Amino acid sequence: MPPQAVINVEKISKSYGSFRAVHNLTFEVYGGEIFAMLGPNGAGKSTTIRMILDILKPDEGTIHVFGAPLNDHTKNRIGYLPEERGLYRNVPVLEMMVYLGMLKGLSSAEAKKRSLRYLEQVDLGEHAKKKVSELSKGMQQKVQFGVTVLHEPDLIIIDEPFSGLDPVNTRVIEELLRSFRARGGAVVMSTHQMFQVEEMADRLLMINRGEQALYGNVNEVRAQYALPAVNVEGTGDWASIAGVDRVELSQNGRPSALLYLKPGTEPDAVLGEIARRPDIHVQRFELAVPSLNDIFIQVVAGDRAGEKAGYRE
């Protein structure tokens, strides 16, 4: 039985006057996954998120959250962390967290208990009575995330969660997101940090000019853009291997190369040939799959090139 979609977006469109922000967008998000929403600035990501949260109404199409249009009850099953943070800077951390937890339906006692437990978990227990303005940006981000999940939602939507964080605090937020996913929660993450999408996300949606550009499993999307080549590290006469068309040696200081394959040659055949060659020594052998960052640039640049050539309306 297929999993139940937490979010089901069907053919939504949204325009502001003559400007089309989102056009005919369809996707689903499931429990127990981190779903990345990607796109250049102005692509329509924020408009899409606001429609999911019922802040904006789509001009066309439907959005179901937890199987139905969003209502006051299901809104409390969502945690939202916007890019523009919403913490009260001159209020003590614990007092603010309790207040915001109560707005989500928690009792004062329960909100305080959960807040203290969370602050201890992220090494902020000793800062509970400090004002938000006295905390570093990384500390504030951890508090903001705590507010987002304090009421134990089933879905969290987060916009640029790693912006401005140092590596230590970035790792803390990553682990919190993975823990939330492991408990069956759904995460929608809008971000420009492509390497973190590769490390964390299960599936992705790339939006460009309001339309779907890429959608699906992260590894499968990357595989679609794989070169007819393999990356190798080691030593040997790469050009002499049967099935290798040409060789590009790496300039990064390590003995590595990019082997372009002749049409019809499978990577497995090249690997078998290497295994039979005592004069070739390999420490790494992998398909030449581009990074999401490279794919992002390729998709966006290709779209802009098409527009300049007159291929867009």
**Asked** Hey, any hits in segment 184-206 for a residue that's over 11 Å from the mean Cα position of the chain (by Cα) and either in a helix (DSSP H, G or I) or farther than 23 Å from P153 by Cα (or both)?
**Response** no
**Message:** Condition check: surrounded by fewer than 16 Cβ atoms within 10 Å (Cβ to Cβ) and in a loop (DSSP other than H, G, I, E, B). Does S179 satisfy that?
**Reply:** no
**Prompt:** If we keep just the residues of segment 47-94 that are surrounded by fewer than 17 Cβ atoms within 10 Å (Cβ to Cβ) and among the polar types (S, T, N, Q), which is farthest from R181 (Cα to Cα)?
**Reply:** N90
**Prompt:** What do you reckon, is L165 more than 25 Å from Q4 (Cβ to Cβ) and touching a Lys or Arg at 6+ places or on another chain (Cβ under 8 Å)?
**Reply:** yes
**Request:** Could you please find all residues in segment 135-151 being touching a helix residue (DSSP H, G or I) at 6+ places or on another chain (Cβ under 8 Å) and either surrounded by fewer than 22 Cβ atoms within 10 Å (Cβ to Cβ) or assigned to a loop (DSSP other than H, G, I, E, B) (or both)?
**Result:** L135, G138, M139, Q140, V149, L150, H151
**Asked** Within segment 37-46, can one find any residue that is free of Cβ contacts under 8 Å to residues at least 24 places away in the same chain and either surrounded by 16 or more Cβ atoms within 10 Å (Cβ to Cβ) or more than 16 Å from L205 (Cα to Cα) (or both)?
**Response** no
**Request:** Could you please find all residues in segment 70-97 being touching a Ser or Thr at 6+ places or on another chain (Cβ under 8 Å) and in a loop (DSSP other than H, G, I, E, B)?
**Result:** E83, R89, N90
**Fill in**
Of all strands (runs of 3 or more DSSP E) fully inside segment 214-293, the set with 3 or more residues that are more than 33 Å from the chain's Cα centre (by Cα) is 244-249
**Fill in**
Going through (1) more than 19 Å from E28 (Cα to Cα); (2) surrounded by fewer than 20 Cβ atoms within 10 Å (Cβ to Cβ); (3) not aliphatic (A, V, I, L, M) one by one, D159 fails only at (1)
**Item:** Enumeration of residues in segment 200-235 that are without any contact (Cβ under 8 Å) to a residue 24 or more places away in the chain and within 27 Å of G164 (Cβ to Cβ)
**Value:** none
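Values in this text are rule-based calculations from the coordinates and carry no lab data. In this text, all values refer to a predicted model and were calculated from it rather than measured experimentally. Note that we place each Cβ from the backbone using ideal geometry, even for glycine, and neighbour counts take in every protein chain shown.
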